[in-house]
2 protein chains.
Amino acid sequence: MAVNSPLPVSADLKPVAGIELGYAEAGVRKANRKDLLVMKLAPGATIAGVFTLNRFCAAPVQVCKTHLEQATDAAPIRALVINTGNANAGTGEEGLARANATCAELAGLLGVKPEQVLPFSTGVILEPLPVERIKAGLPAAIANLKTDNWFAAAESIMTTDTQPKAASRTLTIGGKKVVMTGISKGAGMIKPNMATMLGYLAFDAKVPQALLNQLVKDAADQSFNCITIDGDTSTNDSFMLIATGAGELEITSADSAEYKELAAAVSALSQNLAHQIVRDGEGATKFIEVTVEDGKSVEECRKIAYSIGHSPLVKTAFFASDPNLGRILAAIGYAGVDDLDVSKLNLYLDDVWVAKNGGRNPDYKEEDGQRVMKKSEIVVRVKLARGTAKASIWTCDLSHDYVTINADYRS
Amino acid sequence: MAVNSPLPVSADLKPVAGIELGYAEAGVRKANRKDLLVMKLAPGATIAGVFTLNRFCAAPVQVCKTHLEQATDAAPIRALVINTGNANAGTGEEGLARANATCAELAGLLGVKPEQVLPFSTGVILEPLPVERIKAGLPAAIANLKTDNWFAAAESIMTTDTQPKAASRTLTIGGKKVVMTGISKGAGMIKPNMATMLGYLAFDAKVPQALLNQLVKDAADQSFNCITIDGDTSTNDSFMLIATGAGELEITSADSAEYKELAAAVSALSQNLAHQIVRDGEGATKFIEVTVEDGKSVEECRKIAYSIGHSPLVKTAFFASDPNLGRILAAIGYAGVDDLDVSKLNLYLDDVWVAKNGGRNPDYKEEDGQRVMKKSEIVVRVKLARGTAKASIWTCDLSHDYVTINADYRS
């Protein structure tokens, strides 16, 4: 299920010079589906990533971090390999060996070193990675490496996603053209036991490593780090940002207007990819933005926003289109902001002023709340009246289908 | 729905000398149901309580706290008044005025001061308390005050509970008889918008105020503070402990063996009442104990236990009887214990050793996990291998019925 029609996913996503994509059907878990993706970077590309904070971080995440640390100008990252069907998580030393074996195999085929390859896995946790099938699938993936394979790439990283997630944009910064394309996947921490969120965004500008490291963190903080479906943080979450450097624009300083424009565009496209994940959330029928304003800090605004976004009672009320708004107040109250003065708090649902100074707005009418709750896209806005900070998160409702999907026995 | 048969609730709960209970049908929200309860304490009783930490704490909770602070030996708390059908939460100044008016009315009828009455409300949030109906119902509740009304009292505080919750015990401490009886209610933060958990436990020993204050905190920490159904903390949660002093035992020191025996009995009975709430949890089909052992601190053990107990993915797996155990590892990993070494972690489901040193136990067989998951009572045991601390929490599964119950439009 997905909320409404999803954001438009164009089959003619724009190629980004300097990166080629090739997929294969390796039969990792099921036959006859694209489940293996190789991304090959041209010399000169830089790459940076952010990864799950889960202590049970998967073997490929550990290998990615090591290879990123070891990368040098002389021996930069040159390829990414992504498999679905198996997360290679909770697999111990043997899992690390298999992730490394995958890198070594691809490196051999491409004529680079194993440390120049980053591995990613998504799928079932606690089961051994079928590394022989992945190795066997690599030649086919390499054989169809093309710059215009983005849509197929988005399809090939899907697990229980009901639709591929991708976005593309061209823009002009300082008179120079920039092409930017990204893909993502994820739909809950995911049935069956899946280890979930992956995102890849490439653009053709040249960006020094230190700046790219900052850029990927900032973009994630404004996109993938602001979405929640069920509050479960996967063992495999990864978001990679690739600057191929094969285009016209070159960034040299974080203080330049060009950098700021580029960063804004990267954040916007990342947000688009993140929203696609929420819209395709397990069982989702509604897309909810929770914005908390006038807080003392972004952190406390986020705490409150996530408390609302994670509350099963709030989420079932959205599913039922029930303006059961005391549930939102209760979730604000237990968010852990200890000195919150609720008597100054105001709550809005879209344009409807629901709670005023901590109690029911005397002018609030149930039918107005009902009208908003029936919509498939809703903004919850909380005003704290204690500062100037603000944060937004995006989430979905909790439906019967969420339970059905996650209670299904692993197939 | 409730897990299995509930814990046995005897209709002949033992009267506790020094406390009388009277109920009425006040029509607070619906006609023809017990919805008003008065508890009258004899002179000499002491009382202490713990309350919700929700910042949107309800008007009656605020009044309770004030009256408990103002109570003196000369003017002690003499009565409690509890209504269902309306939580008097999110109601601002007017809510406080109505809670105070309820106290004043009961005080007038009993010949005590308003400050000697504690008010409690449970029910719908954000709606004005129908204080006139409650006042009108008080004479009938007073008319049937009896020491042996505990079962009717348990019924009269029910909201969406499917069964009354009560427990009773007599014991001998230092050669002296102690009678102890308690009631509780709650079943999720509760449809429709209810503000939920209430617990009352009385015994006939004499306990000085300072010790009782400590006793109620300790008992709550080992019982009501260790249960979770959906992670939503209500605006009205209250647990009151009453020492009538009308029996044989008198406690004078926290260092006495008698105090320790009494405290253990109070904790055990509180735990029993708390477990009844989980077993009657909204949509619950399974009763799950999560025990985390060998931690550095009780706090980190609780963090991990709650992370497991709150995970919708773990809860739906229990509902499905699916030994989808990577979900438990993932929940441990994101619990926020930053220096956790997962390679030393062991996980058991009842007697089945599932994960060994952070990975799948080579001897683990899926059919063994399946056998345990099919049971209606399951113990999840996590061993951290980093200390000697331990904590347990109790929770239930997440079923279709949870969504159905909470998505129902308020009736």
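The values are calculated or read from the model by the stated rules, or taken from the named source; none is laboratory data. All values derive from a computational prediction rather than experimental measurement. Every residue, glycine as well, gets a Cβ built from its backbone with ideal geometry; the counts of neighbours run over all protein chains shown. Accessible surface areas use protein heavy atoms only, side chains included; no ligands, DNA or RNA. Shrake-Rupley method; radii C 1.70, N 1.55, O 1.52, S 1.80 Å.
How much FRET efficiency would the formula 1/(1 + (r/R0)^6) give for residue A:32 and residue B:217, where r is the Cβ-Cβ distance and R0 is 45 Å, rounded to 0.05?
Numbers: r = 61 Å, r/R0 = 1.35.
My answer for the efficiency is 0.15.
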> Once both labels are modelled 7 Å past Cα along the beta-carbon direction, what's the residue B:379-residue B:146 spacing in nm?
Replying inline: 4.1 nm
>> Mean-square fluctuation check for chain B, GNM, Cα pairs under 10 Å: which of B:88, B:32, B:225 is largest?
In response: B:32
> Put a dot 7 Å past each Cα toward the Cβ at residue B:264 and residue A:268; how far apart are the dots in nm?
Replying inline: 6.8 nm
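Once you have the alpha carbon radius of gyration of the protein assembly as shown, what is it after dividing by 2.2 N^0.38 Å, with N set to its residue count?
For the protein assembly as shown, the normalised Cα radius of gyration is 1.04.
Provide a whole-number value for the mean count of partner chain Cβ atoms within 10 Å of the Cβ atoms in peptide A:328-339.
Values: counts 1, 9, 20, 6, 3, 12, 11, 3, 3, 1, 2, 1.
For peptide A:328-339, the averaged partner shielding equals 6.
Please give the total accessible area that chains A and B bury against each other, computed with a 1.4 Å probe and expressed in Å² to the nearest 100. Mind showing how you got there, number by number?
On the way: alone 16660 and 16670 Å², together 28680 Å².
Interface area, both chains combined: 4600 Å², rounded to the nearest 100.
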> In the neighborhood of residue B:51, defined by Cβ-to-Cβ distances under 15 Å, what is the net charge if each Lys or Arg adds +1 and each Asp or Glu adds -1?
Replying inline: -1
> What aspartates and glutamates could a cross-link reach from residue A:34, if we take a straight Cα to Cα line under 12 Å and drop same-chain neighbours fewer than 8 places away?
Replying inline: A:25, A:155
> Residues with beta-carbon under 14 Å from that of residue A:42, excluding residue A:42: net charge, scoring Lys, Arg +1 and Asp, Glu -1?
Replying inline: +2
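Inside 10 Å of the C-beta atoms of B:393-401, what's the mean count of C-beta atoms belonging to other chains? Mind showing how you got there, number by number?
Values: counts 0, 0, 0, 0, 2, 7, 2, 6, 2.
Neighbouring Cβ atoms belonging to other protein chains average 2 per residue here.
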> Near residue A:375, which lysines are there with a Cα under 26 Å away, not counting those fewer than 8 places off in the same chain?
Replying inline: A:165, A:185, A:286, A:303, A:315, A:356, A:365, A:383, A:390, B:191
>> Using a 7 Å offset from Cα along the direction of the beta-carbon, what are the separations from residue B:252 to the same position in each other copy, nm, ascending?
In response: 8.7
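Counting Lys +1, Arg +1, Asp -1, Glu -1, what net charge surrounds residue A:205 among other residues with beta carbon under 11 Å of its beta carbon? All intermediate terms of the calculation are to be shown ahead of the outcome.
Numbers: positive: A:176, A:177, A:206; negative: A:204, A:248, A:250, A:258, A:261.
Cβ neighbours under 11 Å give a net charge of -2.
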> Considering only A:346, A:405, A:325, whose Cα is most displaced toward the positive end of the charge dipole of chain A, charges sitting on Cβ of Lys, Arg (+1) and Asp, Glu (-1)?
Replying inline: A:405
> trypsin sites (Lys or Arg not before Pro), restricted to segment B:200-269: which are DSSP loop and have at most 16 other Cβ atoms within 10 Å?
Replying inline: none
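As a check on your grasp of the helix formula, calculate [θ] at 222 nm for the protein assembly as shown: sum -39500 (n - 2.57) over DSSP H runs of n ≥ 4, divide by the residue count, round to the nearest 500.
Working: 22 runs with 264 residues, N = 822.
Only helices count here, giving -10000 deg cm²/dmol.
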> In whole Å, how far is the Cα centre of segment A:124-173 from that of segment B:334-392?
Replying inline: 34 Å
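Under the rule a/c < 1.5 gives rounded, and otherwise a/b versus b/c splits prolate from oblate, where does segment A:287-407 land using the Cα gyration tensor?
Values: a/c = 1.95, a/b = 1.29, b/c = 1.51.
Oblate shape, in that a/c is at least 1.5 and b/c is the bigger or equal ratio.
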>> Defining the label point at 7 Å along Cα→Cβ, can you sort the distances from residue B:353 to the same site in each other copy, shortest first, in nm?
In response: 6.5
>> Distances in nm, one decimal, shortest first, from residue B:139 to the same residue in every other copy, taking the label point 7 angstrom along Cα→Cβ.
In response: 9.6
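Calculate, for residue A:109 and residue A:339, the FRET efficiency according to 1/(1 + (r/R0)^6) with r their C-beta to C-beta distance and R0 60 Å; round to the nearest 0.05. Mind dumping the intermediate values first?
Values: r = 59 Å, r/R0 = 0.99.
FRET efficiency, residue A:109 to residue A:339: 0.50.
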>> Between A:275, A:310, A:400, where does the largest GNM mean-square fluctuation fall for chain A, given springs only between Cα atoms within less than 10 Å?
In response: A:400
>> On a straight-distance basis, which lysines could pair with residue A:260 in a cross-link, Cα separation under 19 angstrom, same-chain partners fewer than 8 positions away excluded?
In response: A:176, A:177, A:206, A:217
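Using +1 on the beta carbon of Lys and Arg, -1 on that of Asp and Glu, and nothing else charged, what's the dipole of segment B:312-411 about the Cα centre, debye to 20? Walk me through the intermediate numbers first.
Working: 14 positive and 14 negative charges, 44 e Å.
Approximately 220 debye in magnitude.
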> Based on Cβ point charges of +1 for Lys and Arg and -1 for Asp and Glu, what charge dipole magnitude is obtained for chain B about its Cα centre, in debye rounded to the nearest 20?
Replying inline: 280 debye
> Using a Förster distance of 22 Å, how high is the FRET efficiency between residue A:74 and residue A:252, based on the Cβ-Cβ distance and rounded to 0.05?
Replying inline: 0.55
> Share of antiparallel DSSP beta bridges in segment A:19-279, in percent to the nearest 5?
Replying inline: 75 percent
